[in-house]
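Worksheet for the structure shown next.
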Amino acid sequence: MLNKRVAMTVCFGLALLSISSSAVWGQTAGSGSVGGTVTDPSGAIVVDAQVTLTDASTNAQRTATSNEAGRYLFPNVPPGTYSMTTTKEGFRVAKVSSLTVNVGTTLTVDVAMELGTVSQTVEVIATTSELQVTNSTIGNTVSGDMLQSLPSLGRDVSSFVTMQPGVSPDGSVAGTVVDQAVFMLDGGNNSNDMDGSGGVYNAAFGDDPAGGLFSNQNNPITSRSVGLNGGQPSGVMPTPVDSVEEFKVATANQTADFNNSSGMEVSLVTKRGTNSWHGSVYEYYLDNNFSGNTWENNQTGTPVPDWHRSWFGAAAGGPLIPKDILGGKTYIFANYQGARYPNSETFNRLVPSAD
């Protein structure tokens with residue numbers, strides 16, 4: 001029996017240190033946008049109305065003014081829940097709450113103002129899903145709540161990609177080759193286009209559902225090849241469930257600001273710090289006591305080789321600077337994930353007899 005360490009890794013599994021302030025709004029590929037038209041009771045456009053967008057998690061605000069066509073736009077809005085207030089002299093304050101902004105989408109919110117004074121407020125609660133009418137992109141968004149609810153063997157977001165409409169089990173879309181799939185992380189390219197090895201980070205495409213594992217062709221635990229030579233695209237950086245706010249899979253008609261391939265595009269957005277501290281700690285453990293022996297080992301009376309897998313990590317986010325200092329508008333989020341895969345193997349060899 002030969003003992004060897006087949007994979008021992010400490011994934012800086014998004015050991016990203018995500019620091020944000022209210023003045024920084026991210027890149028297009030990792031954000032959404034909010035826009036619409038401001039009108040009066042007769043349907044005529046309202047010019048120079050002040051529109052304020054407030055982030056529910058941090059209370060950060062952005063302000064826009066309706067133009068000569070009554071239009072306003074907030075580009076590069078991080079995914080999350082927002083409220084919006086519109087004011088104009090001679091009209092009541094119009095407030096819309098519970099607006100949900102998703103990655104890669106434009107939320108259209110048209111504001112119909114009512115005559116009155118600015119001391120009066122008309123509040124509307126957004127309760128229905130927004131129909132995407134600004135582009136023809138075909139895709140689906142998976143929220144953070146869904147990520148926490150869905151089972152994932154490897155605790156990696158990539159294991160949910162092939163569950164989306166239009167994505168085949170081998171990671172191809174509409175007949176495109178699998179290496180045309182693009183992974184975007186907070187607006188940056190996270191695609192592992194050069195890897196062809198047999199022992200790399202597995203993004204859970206193909207016949208291996210265990211996203212987040214470090215597989216190897218000769219590893220009896222996984223015994224599947226990964227990387228592009230195995231027909232499985234992957235991301236360079238691991239994406240643990242606890243680090244991702246949401247992600248979108250675009251399978252067709254991507255817009256010009258996103259599209260740089262003929263395959264699907266996966267846009268992931270990491271979590272942000274909020275006004276209060278939140279965090280999580282986890283470990284998932286599996287060993288040889290949960291697996292059966294091979295036929296060859298049973299014939300020779302050899303026990304199941306010793307091995308175990310251990311996934312562990314922690315995530316935390318909150319205000320980096322107290323509210324009393326500089327307004328408390330700087331936030332931090334960090335995630336760490338480690339993995340251990342010590343393993344033993346049994347080799348059978350034919351040797352000449354003593355005779």
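Every number here is computed from the coordinates shown, using simple stated rules; none is lab data. If you're wondering where the values come from, they're calculated on a predicted model, not measured in any experiment. Cβ placement follows ideal geometry from the backbone for every residue including glycine, while neighbour counts extend to all protein chains displayed.
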Checklist entry - Near the amide H of Gly187, under 5 Å away, which other amide H atoms are found, from residues 5 or more places off or on another chain, if H is placed in the peptide plane? => result Gly30, Leu268
Checklist entry - Summing +1 for each Lys or Arg and -1 for each Asp or Glu, what net charge is found among the other residues whose Cβ lies under 11 Å from the Cβ of Thr65? => result 0
Next on the checklist: As a footprinting exposure proxy, order Asp55, Asp156, Asp40 by other Cβ within 10 Å, with the fewest listed first.
Outcome noted: Asp40, Asp55, Asp156
Item to check | Theoretical gain in end-to-end length, Asn275 to Asn298 [0.36 nm per residue, Cα-Cα removed] | outcome: 2.5 nm
Checklist entry - What spacing in nm lies between the two simple spin-label points modelled at Leu115 and Val47, each 7 Å away from Cα in the Cβ direction? => result 2.1 nm
Checklist outcome for this item: For the range 25-125, the Debye formula with one identical point scatterer on each Cα and no solvent gives log10 I(q)/I(0) at q = 0.12, 0.20, 0.22 Å⁻¹ as -0.36, -0.95, -1.11
Checklist outcome for this item: Proxy exposure order for Met113, Met184 (fewest C-beta within 10 Å first) is Met113, Met184
Next on the checklist: If neighbour count is taken as other Cβ atoms inside 10 Å, put Lys329, Lys248, Lys88 in order from fewest to most.
Outcome noted: Lys329, Lys88, Lys248
Checklist outcome for this item: Answer in debye to the nearest 20: the dipole magnitude of the range 284-355 about its Cα centre, from +1 Lys/Arg and -1 Asp/Glu charges placed on Cβ, is 540 debye
Checklist entry - Given +1 on the Cβ of Lys and Arg, -1 on the Cβ of Asp and Glu, and no further charges, what dipole in debye does the range 25-125 carry about its Cα centre, rounded to the nearest 20? => result 180 debye
